[in-house]
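Engineer: Quick one: the structure is below, questions incoming.
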Amino acid sequence: MPLGERSPGDKGESRYCGVESEFDDDVPRLLSFNISRGGFDFVVCPLMNPTYRPSLLEKDGNGSSVLPFAGSDLILNPSQWSSHVVGKISSWIDLDSEDEILRLDSETTLKQEIAWASHLSLQACLLPTPRRASCANYARCINQILQGLTNMQLWLRIPLFKAEDDSMGTSTDDMTDSWELWNSFRLLCEHRSQLSIALDVSSTLPSANSLVRWFGEPVRAAILNTECFLTNTRGYPCLSKRHQKLITGFFNHSVQIVISGKPLHKVLRGSTDPAATDNGDNVGCVQTLRPYLEYVGYLYQRLDPLPEQERFELGYRDFLQSPLQPLMDNLEAQTYETFEKDTVKYTQYQRAISQALIDRVPDEKASVITTVLMVVGAGRGPLVRASLQAAEETGRKLKVYAVEKNPNAVVTLHSLVKLEGWENSVTIVSSDMRHWDAPQKADILVSELLGSFGDNELSPECLDGAQRFLKQDGLSIPSSYTSFIQPVTTSKLYNDVKSHKDLVHFETAYVVKLHSVARLAPTQPVFTFTHPDLSPQRSNQRSKKLQFEIPSDMGSALVHGFAGYFDATLYKDVHLGIEPSVATPNMFSWFPIFFPLRTPVCVCPGSPLEVHFWRCVGSTKVWYEWCVTSPSPSAVHNSNGRSYWVGL
């Protein structure tokens, strides 16, 4: 049964826990023992008798043979095969062996077992760990098999061991980092969207930085051997703090736990464990894997419930979206409504406006001075409301101009003003801010034109155009904003972009709620814009060279692209942004932006990653270009072919 329910309607894959078993030709009995009695949700079991070798098979008189599978497909119904069984490919196979007979036997057996698993409609099969660093033939065969698979996943078993440890316990030549084993294998597989990882977790773990890499890879299962478990004061199995943290991370990334090995902990009779039955001995206890399952369930049930914001964002995780183009396109009512629900954002704006009003108008003149405030890009009025509430809160008089180019939103604005009785305080202007001739100068210019990368929705161009009707000592809210990037590993997003099979999608910047991602280095600032910009020769065209250092204890890593963020100063100490180290809590108006690389770049510890970014401005559009120059150069990616920021 599932480990628990983290929140109402919890459907996460990590709720289900499996168990690894040896070959048993009585599969119904195997499932009954481990699922009905043991409480597990699925069994990872061999499909073929481990003694089978094609070259030794004796054929009958008709020249045909019956393969030694664990029973026929009729011993379980299709739903049981699909829901409760993960096939385990024979562990003896060695497709890169120098022994030709073993190599050919391995290739034949692999294809037969995968074909049988596909016939049974299994959801996944567990592939054995590559026996050596050079595994080209193994990868070639898997790549060939993947071309014909439709619904079944292949989990490649990868041991999780320290990058600095030369003794890994498996015969993989001189490989000292299991991530490199995985990376070399997957790079040989062109058809790898259905190729996933089952991490074999040992009792010792690599460094925290080394573990981070795996959260950007397609890990579907974590195999926990009973040797990983410690013993608590009551004699029950438990995990170290580091293992607990790792398992919690797996839960949050929909990774299923599989218990493997022999029971090493004795459970006292009288336990509530339903699998603990009297076996007739005199030691007063029985051995079972149930306590390990119960401990994993305890860790799952101890997870904090998902906050409302995260539940709202679940459907957007790792889902690529085109950025909005509010300057060119008129937003729809549903889009406005979504953004207007972000109360945190408007609370920050109200704080900034309140501080600006207090600083601009002293208390003794509050009743005689009227501040002129212009909301440029007013939408359906949330910033108008925040401005008027700030005026009421501070006791200042305010005259508001609400400038909006979308005629549909203007209809809503008029209705709002009438409904709230703001006719004497608010003037609605149906116009593009860049072309409007204001009847008077503004003291404060308020806007929410920021994109996920700060300037990507043309805030600099729009505010430069609106700056002409700001007083000489006038101020802008926001007053400045900076974009940031960091290198990331994200196999999911890279494969999604690659699935389009064209160049233009690799030269597109996407808005995405990052989830299955490994952040390889701290963020660095890219472009900063300040408003009002009073420099005589200001230009919004920018370029920046950045150099990132991958932590030395991380090991090698694959850079699939760059995650972009922004941080904005609204006014003085009031900030707003999504840059991870200072992100505004509980705000959901912006997801990060993702700049993909056509060809992932492998970075080794101690080798700097040198990156170039350009913000290019044409007569009618703005676009970005980016590339890597070290440790190996990439092509210059040019989003001009699919520019999202047009309408200048």
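Engineer: For the range 555-585, name all the residues that are over 30 Å from LEU357 (Cα atoms) and over 19 Å from the mean Cα position of the chain (by Cα).
Structural biologist: Answer for the range 555-585, where residues must be over 30 Å from LEU357 (Cα atoms) and over 19 Å from the mean Cα position of the chain (by Cα): GLY555, SER556.
Engineer: Then there is this: Looking at the range 364-374, can you tell me whether even one residue there is touching a Ser or Thr at 6+ places or on another chain (Cβ under 9 Å), under 23 Å from GLU337 (Cβ atoms) and open to solvent by less than 20 Å² (accessible area, probe 1.4 Å)?
Structural biologist: Scanning the range 364-374, I find no residue that is touching a Ser or Thr at 6+ places or on another chain (Cβ under 9 Å), under 23 Å from GLU337 (Cβ atoms) and open to solvent by less than 20 Å² (accessible area, probe 1.4 Å), so the answer is no.
Engineer: A follow-up question, please. Here are the criteria: (1) open to solvent by 90 Å² or more (accessible area, probe 1.4 Å); (2) modelled with pLDDT of 95 or more; (3) under 17 Å from the mean Cα position of the chain (by Cα); (4) not hydroxyl-bearing (Ser, Thr, Tyr). Tell me which single one ARG311 does not satisfy.
Structural biologist: For ARG311, the exception is condition (2).
Engineer: Of the residues LEU122, LEU110, LEU102, LEU126, which is open to solvent by less than 60 Å² (accessible area, probe 1.4 Å) and in a loop (DSSP other than H, G, I, E, B)?
Structural biologist: LEU122
Engineer: Determine if the range 501-512 includes at least one residue that is of a type outside the set (Gly, Ala, Ser), surrounded by fewer than 16 Cβ atoms within 10 Å (Cβ to Cβ) and in contact (Cβ under 8 Å) with a residue 12 or more places away in the chain.
Structural biologist: Yes.
Engineer: Please specify each residue of the range 332-343 satisfying the condition of being in a helix (DSSP H, G or I) and surrounded by 15 or more Cβ atoms within 10 Å (Cβ to Cβ).
Structural biologist: Hits for the range 332-343 are TYR336, PHE339, GLU340.
Engineer: Also, I was wondering about something else. When you look at GLU393, is it more than 21 Å from ALA466 (Cα to Cα), open to solvent by 60 Å² or more (accessible area, probe 1.4 Å), modelled with pLDDT under 95 and in a helix (DSSP H, G or I), yes or no?
Structural biologist: no
Engineer: Follow-up question, since we're still on this one. Mind counting the residues in the range 73-93 that are within 22 Å of LEU149 (Cβ to Cβ), open to solvent by less than 50 Å² (accessible area, probe 1.4 Å) and either assigned to a loop (DSSP other than H, G, I, E, B) or touching a Lys or Arg at 6+ places or on another chain (Cβ under 8 Å) (or both)?
Structural biologist: Here the count works out to 4.
Engineer: Please enumerate the residues belonging to the range 190-225 that are assigned to a loop (DSSP other than H, G, I, E, B) and out of contact with any helix residue (DSSP H, G or I) (no Cβ under 8 Å at 6 or more places or on another chain).
Structural biologist: THR204, PRO206, SER207
Engineer: Tell me the residue from GLU404, GLU423 that is in contact with a helix residue (DSSP H, G or I) (Cβ under 8 Å, 6 or more places away or on another chain) and surrounded by fewer than 14 Cβ atoms within 10 Å (Cβ to Cβ), please.
Structural biologist: Exactly one residue qualifies, and that residue is GLU423.
Engineer: So, of the residues in the range 334-378 that are under 26 Å from the mean Cα position of the chain (by Cα) and of a type in the set (A, V, I, L, M, F, W, C), which turns out to be modelled with the lowest pLDDT?
Structural biologist: This residue is PHE339.
Engineer: Mind checking which pairs have a first residue in the range 589-603 that is more than 12 Å from LEU558 (Cα to Cα) and a second that is surrounded by fewer than 20 Cβ atoms within 10 Å (Cβ to Cβ) and among the hydroxyl-bearing types (Ser, Thr, Tyr), Cβ under 9 Å, 6 or more apart or different chains?
Structural biologist: Qualifying pairs under 9 Å: SER589/THR338; PHE591/TYR316; ARG598/SER634.
Engineer: Starting from the range 439-458, keep only residues that are closer than 16 Å to PRO532 by Cβ and open to solvent by 10 Å² or more (accessible area, probe 1.4 Å), then list their pairs with residues that are at pLDDT below 95 and assigned to a loop (DSSP other than H, G, I, E, B) whose Cβ atoms are within a distance under 9 Å, requiring at least 6 positions of separation or different chains.
Structural biologist: As it stands, the answer is LEU449/PRO326; LEU449/LEU327; LEU449/GLY377; LEU449/GLU457; LEU449/LEU458, since those pairs meet every condition given.
Engineer: Would you confirm, using the coordinates I've provided, whether GLY564 is open to solvent by less than 30 Å² (accessible area, probe 1.4 Å), touching a residue at least 12 places away in the same chain (Cβ under 8 Å) and over 21 Å from GLU217 (Cβ atoms)?
Structural biologist: In short, yes.
Engineer: Mind checking whether some residue in the range 204-221 is farther than 26 Å from CYS17 by Cα, aliphatic (A, V, I, L, M) and either at pLDDT 90 or above or open to solvent by 20 Å² or more (accessible area, probe 1.4 Å) (or both)?
Structural biologist: No, the range 204-221 contains no residue that is farther than 26 Å from CYS17 by Cα, aliphatic (A, V, I, L, M) and either at pLDDT 90 or above or open to solvent by 20 Å² or more (accessible area, probe 1.4 Å) (or both).
Engineer: Test LYS399 against the criterion of being assigned to a strand (DSSP E or B), at pLDDT 95 or above and open to solvent by 40 Å² or more (accessible area, probe 1.4 Å), and give yes or no.
Structural biologist: yes
Engineer: Cβ contacts < 9 Å: first residue more than 30 Å from ASN77 (Cβ to Cβ) and hydrophobic (A, V, I, L, M, F, W, C), restricted to the range 99-118; second residue assigned to a helix (DSSP H, G or I) and open to solvent by less than 50 Å² (accessible area, probe 1.4 Å), any location; separation 6+ or different chain. Result?
Structural biologist: These pairs meet every condition: LEU104/PRO54.
The values are calculated or read from the model by the stated rules, or taken from the named source; none is laboratory data. On a predicted model such as this, the values are computed, not experimentally measured, just so you know. As a convention, Cβ positions derive from the backbone with ideal geometry for all residues, glycine included, and neighbour counts pool all protein chains shown. Ligands, DNA and RNA are stripped out before the accessible areas are found, and what is left, the full protein with its side chains, is counted by its heavy atoms. Shrake-Rupley method; radii C 1.70, N 1.55, O 1.52, S 1.80 Å.
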